[in-house]
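The structure under discussion appears below in the form of structure tokens.
Read-outs throughout are calculated quantities, based only on the coordinates presented, and are distinct from any laboratory measurement. Since the structure is predicted, the reported quantities are computational estimates derived from the model, not experimental observations. Ideal geometry is used to build each Cβ from the backbone, glycine not excepted, and the neighbour counts take in all protein chains shown.
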Amino acid sequence: MEPFKCSKKWVSTLFSVAQIAKFVDGRIEGAAELAINQLAPLDSAEFGAITFCAQAKFVSQISTSQASAILVTAENSHLVKNTAIIVDNPYLAFAKVSQWFDWRSPIQAKISSRAVVAKSATIANTAQICAGVVIGESVIVEDGCYIGANTVIGDQCVLGAGTRLEANVSVYQDVHLGQNCIVHSGAVLGADGFGFAKQAKGWQKIYQLGGVRIGRDVEIGAGTTVDRGALSHTFIGDGVKLDNQVQIAHNVHLGNFTAIAGCTAIAGSTHIGENCTIAGLSGVTGHLNIVAGTHITAMSLVSHSIKEAGVYSSGTGIEKHQSWKRNVVRFRSLDKWVKRIKSLENEMQKLSSKKQ
Amino acid sequence: MEPFKCSKKWVSTLFSVAQIAKFVDGRIEGAAELAINQLAPLDSAEFGAITFCAQAKFVSQISTSQASAILVTAENSHLVKNTAIIVDNPYLAFAKVSQWFDWRSPIQAKISSRAVVAKSATIANTAQICAGVVIGESVIVEDGCYIGANTVIGDQCVLGAGTRLEANVSVYQDVHLGQNCIVHSGAVLGADGFGFAKQAKGWQKIYQLGGVRIGRDVEIGAGTTVDRGALSHTFIGDGVKLDNQVQIAHNVHLGNFTAIAGCTAIAGSTHIGENCTIAGLSGVTGHLNIVAGTHITAMSLVSHSIKEAGVYSSGTGIEKHQSWKRNVVRFRSLDKWVKRIKSLENEMQKLSSKKQ
Amino acid sequence: MEPFKCSKKWVSTLFSVAQIAKFVDGRIEGAAELAINQLAPLDSAEFGAITFCAQAKFVSQISTSQASAILVTAENSHLVKNTAIIVDNPYLAFAKVSQWFDWRSPIQAKISSRAVVAKSATIANTAQICAGVVIGESVIVEDGCYIGANTVIGDQCVLGAGTRLEANVSVYQDVHLGQNCIVHSGAVLGADGFGFAKQAKGWQKIYQLGGVRIGRDVEIGAGTTVDRGALSHTFIGDGVKLDNQVQIAHNVHLGNFTAIAGCTAIAGSTHIGENCTIAGLSGVTGHLNIVAGTHITAMSLVSHSIKEAGVYSSGTGIEKHQSWKRNVVRFRSLDKWVKRIKSLENEMQKLSSKKQ
């Protein structure tokens, strides 16, 4: 007999609808004992899968979905063919359930014989240290940490319990990560900030003596770089989420729960408040203060402090190259054209007054 | 006797003009037996080298070139002092010939004793696995693959025949690459997409359950990141070329032969058609459709779908900081100035009509 | 007895004020024999620390500082409570002193048994090669070099004396670095330039046969990529400083002492003169010439050569999203509005002339 169809053939655990409903604090309408072995999109979920409907535009797909179970709001549960799990926020419930289907293997408590760990380091018995890892002096790795292959950790670092470093991460000396962080491959934490003093000829390096302090539940994307501080630490608050290829310069402060999308750069000593979101390819120049609850749209450059929460943007928007070329020429003499508008207004006023 | 001068002293193979002409389907005018040991620019090529002329502005350099052979079009062959190889497209012929002078050593079929390969992995006898490589469970590495030092490959990945991963590449679980791909150092394939659901306080991670599917003849630049899909796969078509530090978010679809230059980011679930080119430092926001044959100029932000092929741009163009500052101030009140133009037009019309 | 309080407990060396003053060529006012064990910011420095005052706005903090010694200009020395070290340029003096407090351990001359070094490589006796390093054929590593864990160096590379590669750096074949360079983790030197010739279907790779030549005292940031040249070399002059995630394309030439901030990209064959500064997230398109002494502000796109030194900018500046949206709509028809201004001017002239 065929098992349930599942694109991830190495997932063998089955969950019951009842287990899932309990986990997301949902109410079941339909069969609670159905076995679930997959999480799938609404339009392609098959029997055996659980799915969700989180947006009004997808409601019409509920009634034809083959999924064994659907996470829905109360108002849409009557549309579900098989089993409905009623929750207040189906998107959040889906997010919570997703971890049950993750591809990561459970932590295997062991230190690979191909890893190199300094004698002064303290590695919890429950941590997994993969092949090729190099760990420096006095490092502390707490319970349930995972350190992926070929990751390098400098002296005096601390990894809080449950923190996961994927393969090929580089952590310099004196970087502390809180509990349950995830750091993706290619990320570099604690490299020197970009600090130089101008001298007669060229630049004198300012050695970067601070470290990096990272809170709990922080996720740091692939290729993202977080520089160490110059004299004090660079700081990343709890629950901060950084996408891939983000650049956090020395002595930046990121408030709790702030999220920054790919390829954005925050320049040195800038302080960003809590619960901000910054879209991709954006920049914030140095020594600024960005108030909590600020939202920046994609490819915007923030070049002054923001004191009032809200949405901010820059740029010209995309257009056909031919018309753009004409407009850009005008932009580059915009000040002149505004002055000519003003002259016209003056002349107009003279003319009109003469009329009267 | 001095051998032919050659900046790459480790290239010992010599090719004859005849061999090269045959390879590029060219016609020889001059000596076919000349030995070639180097590929060089037109203005500095010495005897022993082959070169090419692909642009009208360089035609004047042909007659003084010391090169043993020059790839030229028929109309320019009479200018060549030594041997001409006549082809329709000298630039393409040059590109084809360049591989004969590449610095990469031929694949040495062996698995380094310093590599760690899971027992369940299948490695072709003709593949080369360098020192420090770590290969996960059930990975398939086909004929003639090269896996550079300290590269890490997660479980259930597939590398098509002839694919080359340079040093320090990170590949997560469930990433498939087709035949003859090249992935450069520092690239990260299959890291988690940036997916989170807002919750009462901060963000709930959406585990990223999809993988990455990459076609054949794809090149991926240094430090480029391609995220895994959320529920289905991220997809990169055949012949796609990604430069360095490009960011491809989860569930993006890149059509065949599309090329993307350095530091560009494509946000989640965006679908880009075939044969597009996107210049460097550009961005495409999420959930868009970009039609085949679209070209985006440097540092442009595409924030809506593009339905008509063509060239698109954004930005203001560079100018002196002093004048830029004045113009930017005007930009930020542009709407007001346009309204004042309209008022002037109204008044003008009134004035003019009174006149008549 | 308690030792001096010091946030870096592994710094055991103490320096005297006299030693430091001599090193920075400063004049002491106060006790020369005080022991210094820390470098700290002016407002938080405690007894035992040295600090500095480099900006007028911080002068008021001098008199209350607890620091044992302060680097100041002559005019401010009377404000110092403990010992003043009088120098012409306190910021530069601070920068020089910073290296004495760096966290890096002194080089330990040895090759790790976990490193893999080709027999044809020449490694100076005084160099340190860490675990997991892989070094290719004919590489030359000069005196006092440091090669961090899991860094990979391709064939025929040269590392000048005192050069330091941090962990997880990737260096391809034929890359030469001068003396006293620093390359941070995740950097990739010598990957293939992005060169392809259009063919009937897709792209023909142009193999990149040049190398990379890097001068002395160059610093290269984390995740920064410097591509190898197509036929000749990519060139980086002496004293150049590249921040994190900078992209230097094939055959770029960077003049001495030029500094480039994070996430900036320089496209192929562009020549940038000496002593330029380019702020973060900027771009310079290919085949341009940028004259010495040019300064580019953040997120600017340079799309034509610059012949006159000065400050250049592009972009629209940040503003509230609502007003930005209105202004951007106007920008996209700016050419039309300028024409309407011109029409108004014509009509105005007609009206005015009729009047007279």
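Annotation: the antiparallel percentage among DSSP beta bridges lying fully within the protein assembly as shown is about 15. Once you have a ≥ b ≥ c as the square roots of the Cα gyration tensor eigenvalues for region C:304-356, tell me rounded if a/c is under 1.5, and otherwise prolate or oblate according to whether a/b is larger than b/c. Note, shape of region C:304-356 comes out oblate. Could you tally the net charge around A:Ile236, taking each other residue with its Cβ under 13 Å from the Cβ of A:Ile236, Lys/Arg +1 and Asp/Glu -1? Combined, the nearby Lys, Arg, Asp and Glu give -1.
Region B:108-137 and region C:147-223 have Cα centres spaced 25 Å apart. Calculate the tail of P(r) for region A:36-83: the fraction of all Cα-Cα distances greater than 18 Å, expressed in %. Here the long-distance tail beyond 18 Å is 14 percent of all Cα pairs in region A:36-83. The value of relative contact order for region A:257-356, using C-alpha pairs under 8 Å at least six residues apart, is 17 percent. With label points set 7 Å from Cα along Cα→Cβ, the inter-copy distances at B:Ala109 are 4.5, 4.5 nm, sorted shortest first.
Computed over the Cα atoms of the protein assembly as shown, what is the ratio Rg over Rh, Rh following Kirkwood? That ratio is 0.99, to two decimals.
By DSSP, the beta bridges lying fully in region A:15-101 are antiparallel in about 35 percent of cases. Listed from fewest to most Cβ neighbours within 10 Å, the set B:Ile341, C:Ile129, B:Ile153 follows the order B:Ile341, C:Ile129, B:Ile153. What's the local net charge at B:Ser77, with K and R +1, D and E -1, over the other residues with C-beta under 10 Å away? Charge balance in the 10 Å sphere: -1. As a length-normalised measure over Cα pairs under 8 Å and 6 or more apart, the relative contact order of chain C settles at 6 percent. Region A:288-323 and region A:45-99 have Cα centres spaced 36 Å apart.
Take every Cα pair under 8 Å whose residues are at least 6 apart in sequence, average their separation, divide by the length of region A:15-101, and the relative contact order is 29 percent.
Within the listed set C:Trp337, C:Trp203, C:Trp100, the Gaussian network model of chain C (springs between alpha-carbon atoms below 10 Å) gives the highest mean-square fluctuation for C:Trp337. Let a ≥ b ≥ c be the square roots of the eigenvalues of the Cα gyration tensor of region B:206-249; is it rounded (a/c under 1.5), or, if not, prolate (a/b larger than b/c) or oblate? It is oblate, given that a/c is not under 1.5 and a/b is not larger than b/c. For the residue pairs A:Lys119/C:Lys119; C:Lys57/C:Lys241; A:Lys325/B:Lys241; B:Lys96/C:Lys201; B:Lys57/B:Lys320; B:Lys350/C:Lys350, alpha carbon separations beyond 22 Å are given by A:Lys119/C:Lys119; C:Lys57/C:Lys241; A:Lys325/B:Lys241; B:Lys57/B:Lys320.
With Cα atoms as the point set, region B:15-101 shows a radius of gyration and Dmax of 10.8, 30 Å.
Taking +1 at the Cβ of each Lys and Arg and -1 at the Cβ of each Asp and Glu, which of B:Phe331, B:Ser313, B:Met348 sits farthest along the dipole of region B:296-356 towards its positive end, judged by Cα position relative to the Cα centre? The residue sitting most towards the positive pole is B:Met348. Scaled against the 2.2 N^0.38 Å expected of a compact globular protein of N residues, the Cα radius of gyration of region B:110-312 reads 1.03.
If you plug the beta carbon distance of C:Phe58 and B:Leu351 into 1/(1 + (r/R0)^6) with R0 = 45 Å, you get a FRET efficiency near 0.15. Label-point distances for B:Gln55 to the equivalent site in the other copies, using a point 7 angstrom along Cα→C-beta, read 4.4, 4.4 nm when ranked shortest first. Under 16 Å of direct C-alpha separation, and excluding same-chain neighbours fewer than eight residues apart, B:Lys205 reaches these aspartates and glutamates: A:Asp102, A:Asp217, A:Glu219, A:Asp238, A:Asp243, B:Asp192, B:Asp227.
Starting from the Kirkwood Rh over alpha-carbon pairs, what translational D in µm² s⁻¹ does region B:96-162 have by Stokes-Einstein at 10 °C and 1.306 mPa s? Reported coefficient: 130 µm²/s.
Pair-distance distribution P(r) for region B:258-342, from all Cα-Cα distances in 5 Å bins starting at 0: 4, 13, 20, 19, 11, 12, 12, 8, 2 percent. In chain B, helices alone account for a calculated mean residue ellipticity at 222 nm of -4500 deg cm²/dmol, with every DSSP H run of four or more residues adding -39,500 (n - 2.57). Applying 1/(1 + (r/R0)^6) with r as the Cβ-Cβ distance of C:Phe47 and B:Ala35 and R0 = 56 angstrom yields a FRET efficiency of 0.15.
Seen from a random direction on average, the alpha-carbon convex hull of region B:236-291 projects onto 2.9 square nanometres.
With bins 10 Å wide beginning at 0, the percent of Cα pairs of chain C falling in each bin runs 5, 18, 20, 22, 18, 9, 5, 2, 1, 0. Across identical copies of the chain, C:Ile140 has label-point separations of 4.7, 4.7 nm, listed in ascending order, with the point defined 7 angstrom from Cα along Cα→Cβ.
Most simply put, region B:110-312 has about 5% antiparallel DSSP beta bridges, counting only bridges with both residues inside it. Counting Lys and Arg as +1 and Asp and Glu as -1 over every other residue whose Cβ lies under 12 Å from the Cβ of B:Gly162, the net charge comes to -1. Extending 7 Å from the Cα toward the beta-carbon at both A:Ser16 and A:Lys342 defines two label points whose distance is 7.8 nm.
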